[in-house]
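Okay, so here's the structure we're looking at.
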Amino acid sequence: MAAKILVGTASWSDPGFVEFWYPKKMRPTDRLGWYAQHFNMVEVNSTFYSVPDPMLARRWCNATPPNFVFNIKLHQLLSHHSTRAKLLPPALQKKLRLKKDARVERNEETMQELLRALTPSVEVIRRAEKLGILLLQLSPAFSPRKHNLSELEDVLELVRDYRVAIELRNRNWAEGEQLQKTLDFMREQNTIFVNVDAPTGKHFTIMPSDLDAITNKEGAYLRLHGRDPRAYITGKTVAARFNYNYSDAEIDEIAARSERLATKAKEVHIVFNNNARDYAPHAALRLRKALGQLVSLPPQTAELF
């Protein structure tokens with residue numbers, strides 16, 4: 001393998017992880033450190049909903065070993081999701097004179113203010129040499145029928161100093177003639193196209209899994225959502241949508257795909273988002289073993305306690 005492959009999950013504090021994976025009665029403040037004994041990367045999901053305090057980011061860094069990496073999911077306001085004011089920092093709500101239940105207008109001023117609030121925490125992680133990739137995860141409603149990729153240029157300019165990955169969640173960006181235009185845009189913007197493992201199907205929210213696109217040789221990104229089409233399309237909660245337990249044979253497939261990506265980019269980030277129960281950490285551990293990163297799997301929590 002030519003590249004370093006980092007394996008982790010989309011968050012370390014999902015309710016299913018707490019109930020089924022972490023040791024019983026473990027203090028919440030101890031979970032990240034325990035997670036980091038098993039993985040070398042995590043995708044921070046909480047930043048999609050709120051801006052962390054820099055002191056909290058410092059505690060994250062202090063709880064993890066020197067080679068640990070944090071990928072930061074950018075706030076939903078930046079990625080064309082409908083956003084209520086209560087998800088903005090209180091100081092920003094006050095500055096913009098917004099009521100908590102008001103919808104926030106996505107414009108240059110609000111995006112600049114939000115990134116200004118987020119930057120201190122991101123810089124804490126970068127100074128600790130633990131910052132990986134910023135993830136811009138777009139809404140499925142962001143489609144080529146209603147939008148143009150150039151609409152992303154404003155936010156991309158604001159985060160130009162960082163490595164950025166873009167996850168499109170409307171299939172129409174990756175079909176027919178549009179696919180080449182999409183990849184060309186990513187390359188022009190020096191951003192990383194997020195490849196996925198998802199169910200087979202033509203539903204507009206299911207991105208194709210047969211793409212292994214590299215648009216920035218510095219990094220490749222693969223997010224694994226599970227392969228249950230019914231759950232993916234009809235699930236009412238995040239855990240229901242991504243309720244899938246990868247088989248060992250499927251993990252072997254993902255290992256081979258990860259190694260192929262590693263021949264094309266300097267670093268590969270593999271993130272398991274099948275976050276029902278403890279499916280994600282166990283799948284990620286099996287992948288690390290399949291990649292030769294672990295000699296054997298750690299004991300199951302139930303065997304430890």
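Below is a table of values for the structure above.
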| read-out | value |
| --- | --- |
| Matching helices (runs of 4 or more DSSP H) fully within the range 36-141 where at least 3 residues are surrounded by 17 or more Cβ atoms within 10 Å (Cβ to Cβ) and not small (G, A, S) | 108-127 |
| Any chance S258 is part of a helix (DSSP H, G or I) and among the polar types (S, T, N, Q) | yes |
| Boolean, L222 is of a type in the set (A, V, I, L, M, F, W, C) and crowded, with 23+ Cβ neighbours inside 10 Å | no |
| Test set (1) surrounded by fewer than 17 Cβ atoms within 10 Å (Cβ to Cβ); (2) without any contact (Cβ under 8 Å) to a residue 40 or more places away in the chain; (3) over 25 Å from A276 (Cβ atoms) - P28 fails condition number | (3) |
| Scan of the range 233-253 for residues that are within 30 Å of K181 (Cβ to Cβ), under 17 Å from the mean Cα position of the chain (by Cα) and either at pLDDT 95 or above or open to solvent by less than 50 Å² (accessible area, probe 1.4 Å) (or both), ordered by number | F242 |
| Condition met for V268 (open to solvent by 10 Å² or more (accessible area, probe 1.4 Å), under 19 Å from the mean Cα position of the chain (by Cα) and touching a residue at least 12 places away in the same chain (Cβ under 8 Å)) | no |
| Subset of the range 144-189 (residues that are open to solvent by 10 Å² or more (accessible area, probe 1.4 Å), over 25 Å from I5 (Cα atoms) and not in a helix (DSSP H, G or I)) | P144, R145, K146, H147, N148, E175 |
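The values are calculated or read from the model by the stated rules, or taken from the named source; none is laboratory data. Quick caveat: nothing in here was measured; it's all calculated off a predicted structure. Backbone-built Cβ (ideal geometry, glycine too); neighbour counts: all protein chains shown. Side chains included, ligands, DNA and RNA excluded: accessible areas come from the protein's heavy atoms. Shrake-Rupley method; radii C 1.70, N 1.55, O 1.52, S 1.80 Å.
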